[in-house]
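**Q** Below is the structure I would like to discuss, written out as structure tokens.
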Amino acid sequence: MCGIVGAVAHRNVVPILLEGLRRLEYRGYDSAGIAVLDADAKLDRVRSPGKVASLTEAINNQLNGNVGIAHTRWATHGEPSQANAHPHICRSTVSVVHNGIIENHEQLREEQIKKGFEFTSETDTEVVVHQIYAYHVDEGQDLLAAVRSTLKDLEGTYALGVISAKEEGRLIAARRGSPLVIGIGIEEYFIASDVAALLPVTQRFMFLEEGDIADIRADQLVIYNGQGDVVERPIRESELSADSVDKGEYRHYMLKEIFEQPRAVADTLQGRISNGRVLEQAFGAKASEVFDEVQGVHIIACGTSYHAGLIGKYWLESIAGIPCNVEVASEFRYRNPVVRKNSLIVTLSQSGETADTLAGLKEAKRLGFGHSLSICNVPESSLVRESDLVMMTRAGPEIGVASTKAFTTQLVCMMLLVIVLGRRFGLSEQQETKLVAELEKLPGDIDDALKLDKDIKLISEQFADIHNALFLGRGAQYPVAMEGALKLKEISYIHAEAYPAGELKHGPLALVDDMMPIIAVAPNNELLEKLKSNLQEVRARGGKLIVFADTHSEMKETDGVQVLNVAPVDDSVSPIIYTIPLQLLSYHVAVLKGTDVDQPRNLAKSVTVE
């Protein structure tokens, strides 16, 4: 959600902080701000609603300091405005940036008002800065002690960056429930919500654990765990480069990431297959031992990752013969599920920091479901660290809020899981060899699907005045339709819904008219003839059809029916291939509509709060 950047150095940190904010723009935000300690140890702050570019313009090269914190805010408590933007300051002394939600902020606010503190915002964060000030100044504690005392009073989640005019050259960072990373330079340190923010200044990082507090100076870093003990956190070298998060020749990150999918899939498969067999150790050193105990699978995910989980359910049950449940993480964590022993808990997440998915995993562990596997795109993320087994998607940085390559690489990982579990439930070596061969062909098959780009761009022109759309699919293609509908609504703001095609008669047909485009995915499988009948029902009621069909499906273009032929692929991997044209359709419609493709309104890339 929100983004934090901070720095302590022997140079002006303002350009570093601003560049860090630019690199966090993909996370979603509605305001930005920065605070630094100047040469006179005075707190200087500039905040602005809107984009980081507006903040940069407001600063106008007039800000300078060796210690500073900066923030991009996604509104939770209080509307997007300058007053609600971070950093927040108390009595010109303490400044704070915060990601997360303070659940007891109303109680703290009432107590602080009684003590004479004045509030200038509607945010929950302002109680944090007042509380620190009270311990730091009113009670005479140093900044580290004041932050530590304040954290005991807070209920909820946080990643914090704190500076004080009374302690020049010092930055305190803390985390609980929201990610925070420390970048290591030469006699300088940085903090950020995401490695990507700091790539221009360092490749070396430490990842704060839950409950950690870091005391940071230009020439010194001390980390304390939740019990107050000094701890060492491992230094990790990032393989990402500063230009790996640039758009390159593409107009938008989303389009770049759509066209990166052949490489991303190839990278995800690399080193995990040998002689037509999936290597179980690719899931972790103890994977075989864990998989031997598995009697079922329980998938927990949100958004696009949830759709990947639904496709995984079809595969696990139809190919591997294993029972599987799929749950929206925000629902799973608050209901009372029946515990099924020896279930493999599979969490799917691009960022590995999604609050509901993390909480769902912890709840599943508490209830005693079984071992856990994370399928994730960020190696150092909280979800990865919490899981027994890990399968990295290797999609590379995904900047566009609407997930594309993370989704398809998640599906590749799911199929690898289906194969290794299927061995234990009757999947033959011959069947495995066939599935592996289809996976190895995927990069080329995706390349073929991307060749539809120009035709899809032409079709997108029909959506210029459209406000609603229906997506249809059957079997494992139903979640593909769900993902297509989600993409269209996310970035073009067109209301879109997905249905199993067989459900048309149970309600959705009432919506069909000549202003409602119906998009269908039609691979050549055993459900094709039933799907054709469903589409005839639509056409008989004047609906306009756009069908992505296997070239062998014998789907014909007629008045009101447009057919885009997709190169034949095996049904086992067809959900991955049929996702590609729906991604392209949503992209071109969004461009036509003039929306902010990479940063759609009201949305964030990484949802780190409830």
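The values are calculated or read from the model by the stated rules, or taken from the named source; none is laboratory data. These numbers come from a predicted model, not from an experiment. Here the Cβ positions follow ideal geometry from the backbone for every residue, glycine too, while neighbour counts run over all protein chains shown. Areas reflect the complete protein model, heavy atoms only, side chains present, ligands, DNA and RNA absent. Shrake-Rupley method; radii C 1.70, N 1.55, O 1.52, S 1.80 Å.
**Q** Where in region 379-475 are there helices (runs of 4 or more DSSP H), lying fully within it, with 3 or more residues that are of a type in the set (S, T, N, Q) and surrounded by fewer than 19 Cβ atoms within 10 Å (Cβ to Cβ)?
**A** Once the helices (runs of 4 or more DSSP H) in region 379-475 are filtered for at least 3 residues that are of a type in the set (S, T, N, Q) and surrounded by fewer than 19 Cβ atoms within 10 Å (Cβ to Cβ), what remains is 429-450.
**Q** Something else about it: Looking only at region 351-376, which residues are polar (S, T, N, Q), at pLDDT below 90 and open to solvent by less than 20 Å² (accessible area, probe 1.4 Å)?
**A** Answer for region 351-376, where residues must be polar (S, T, N, Q), at pLDDT below 90 and open to solvent by less than 20 Å² (accessible area, probe 1.4 Å): just Ser351.
**Q** For Gln107, all conditions in the list (1) free of Cβ contacts under 8 Å to residues at least 60 places away in the same chain; (2) within 23 Å of Asp194 (Cα to Cα); (3) outside any loop (DSSP other than H, G, I, E, B); (4) not acidic (Asp, Glu) hold save one; what is the number of the exception?
**A** The single condition Gln107 does not satisfy is (2).
**Q** Any idea which of Ala39, Ala53, Ala58, Ala85 is in a loop (DSSP other than H, G, I, E, B), of a type in the set (A, V, I, L, M, F, W, C) and open to solvent by 40 Å² or more (accessible area, probe 1.4 Å)?
**A** Matching residue, one of Ala39, Ala53, Ala58, Ala85: Ala39.
**Q** Would you please name the residue that is modelled with the lowest pLDDT, looking only at residues in region 324-336 that are outside any strand (DSSP E or B) and touching a helix residue (DSSP H, G or I) at 6+ places or on another chain (Cβ under 7 Å)?
**A** Filtering first and then ranking leaves Arg333.
**Q** Please work out which residue is farthest from the chain's Cα centre (by Cα), limiting yourself to region 331-350 and to residues that are surrounded by 19 or more Cβ atoms within 10 Å (Cβ to Cβ) and more than 20 Å from Met392 (Cβ to Cβ).
**A** Ser343
**Q** Say we look at region 550-568 and pick out the residues that are hydrophobic (A, V, I, L, M, F, W, C) and surrounded by fewer than 23 Cβ atoms within 10 Å (Cβ to Cβ); which of these is modelled with the lowest pLDDT?
**A** Val561
**Q** Let me spell it out: the conditions are (1) among the hydrophobic types (A, V, I, L, M, F, W, C); (2) at pLDDT 95 or above; (3) assigned to a helix (DSSP H, G or I); (4) buried (at least 21 other Cβ atoms within 10 Å of the Cβ), and Ile299 meets all of them except one. Which number is the exception?
**A** (3)
**Q** If we keep just the residues of region 570-597 that are open to solvent by less than 30 Å² (accessible area, probe 1.4 Å) and part of a loop (DSSP other than H, G, I, E, B), which is farthest from Met414 (Cα to Cα)?
**A** The extreme case among them is Thr595.
**Q** Sticking with this one: Just one of Asn12, Asn64 is out of contact with any Asp or Glu (no Cβ under 8 Å at 6 or more places or on another chain), within 23 Å of Ile186 (Cα to Cα) and assigned to a loop (DSSP other than H, G, I, E, B); which is it?
**A** From the options Asn12, Asn64, the qualifying one is Asn12.
**Q** Okay, moving on. Return only the number of the condition from (1) in contact (Cβ under 8 Å) with a residue 40 or more places away in the chain; (2) under 25 Å from the mean Cα position of the chain (by Cα); (3) over 17 Å from Phe259 (Cβ atoms) that Lys489 does not satisfy.
**A** Tallying (1) in contact (Cβ under 8 Å) with a residue 40 or more places away in the chain; (2) under 25 Å from the mean Cα position of the chain (by Cα); (3) over 17 Å from Phe259 (Cβ atoms), Lys489 fails exactly one: (1).
**Q** Which of the numbered conditions does Ala214 fail, given that it passes all the others? Conditions: (1) open to solvent by less than 20 Å² (accessible area, probe 1.4 Å); (2) free of Cβ contacts under 8 Å to residues at least 40 places away in the same chain.
**A** The number of the failed condition is (2).
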